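Following: one structure in structure tokens, then a few remarks.
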Amino acid sequence: MTHNDSVEEMRRLLQVRLEEWRLREKNEQYRPKPVVAITREPGSGGESIAQRLSAELGLHLYDWELIERIAKDEDVDTRLVSKLEETMPTEFEEGMDELLGESDLSSQAYFGSLKRVLLKIAIPGDAVIVGRGSNFFLPPDRKIGLCFVAPLELRLQNTMKELGLSEKDAQKHISKLEAEHRRLARKYFQADIRDSTQYHLVVNTALVKPQTIVQIVKAMIMAQT
């Protein structure tokens, strides 16, 4: 089965589960609330905005908790999942690890587990998910897809401050993350992370205040429920 077939199979399963959920509900007008799925450029401040959306709109925030859920699903230590996320191997590196018996959790197994976890979160909704391909896996009617961007100068300043890096090292850090995010989105979700049509809304965090973003998202959630 190809990655594309796997994604489509997961999406079909999601639709089936949603129908089952609706049929079980006594209220015929019930509809699960959408998930706010966040994609963000490194250094754009997406994590802090996700926390604010969660707090002010009463949504469950899934960031570190996703790591915990994947670890439980795969029956491995959370540190192993966290390490894999930080240093996701290329196909060559993973092949060598498997050949040498050094791989405790493959990226293929990680993404399979991630998709199962995302399905479980999407059914009841009422959640904010930070990154990890949620924008490209969940169907459009089950999410509000946000992409946070910002000018490189601001992202460099934020990264230097958050990680204590020099400007040169911050540039390298951002470039590496961006390349990795593009590679993984293309490989596991058949998506171009830079394609603005993948999102409901693209927001420049240098120009739009966090409180305004919260109000916009609140209105979008109300419109979908």
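The table below gives the values:
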item: Matching option when the condition is modelled with pLDDT under 95 and more than 29 Å from K33 (Cα to Cα), among L156, L177; result: L177
item: The range 56-74, subset in contact with a Ser or Thr (Cβ under 8 Å, 6 or more places away or on another chain) and outside any helix (DSSP H, G or I), residue surrounded by the most Cβ atoms within 10 Å (Cβ to Cβ); result: L61
item: Filtered residues of the range 140-159 (kept if more than 20 Å from K209 (Cβ to Cβ) and in contact with a Leu (Cβ under 8 Å, 6 or more places away or on another chain)); result: R142, G145, T159
item: Lone unmet requirement of (1) more than 14 Å from L53 (Cβ to Cβ); (2) surrounded by 16 or more Cβ atoms within 10 Å (Cβ to Cβ); (3) not aromatic (F, W, Y) for V203; result: (1)
item: Of residues in the range 111-132 being at pLDDT 85 or above and part of a loop (DSSP other than H, G, I, E, B), the one surrounded by the most Cβ atoms within 10 Å (Cβ to Cβ); result: G131
item: Residue match in the range 151-168 (condition: assigned to a helix (DSSP H, G or I), basic (K, R), in contact (Cβ under 8 Å) with a residue 12 or more places away in the chain and touching a Ser or Thr at 6+ places or on another chain (Cβ under 9 Å)); result: yes
item: The listed residue being more than 21 Å from E47 (Cβ to Cβ), assigned to a helix (DSSP H, G or I) and either among the basic types (K, R) or in contact with a Pro (Cβ under 6 Å, 6 or more places away or on another chain) (or both), out of K218, K187, K176; result: K187
item: Some residue of the range 212-220 being over 29 Å from S113 (Cα atoms), of a type in the set (A, V, I, L, M) and touching a helix residue (DSSP H, G or I) at 6+ places or on another chain (Cβ under 7 Å); result: yes
item: Residues within the range 195-223 that are of a type outside the set (S, T, Y) and more than 17 Å from S134 (Cβ to Cβ), tallied; result: 15
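The values are calculated or read from the model by the stated rules, or taken from the named source; none is laboratory data. Model, not experiment: these values are computed from the prediction. Please note: Cβ atoms are built from the backbone with ideal geometry, for glycine as well, and neighbour counts cover all protein chains shown.
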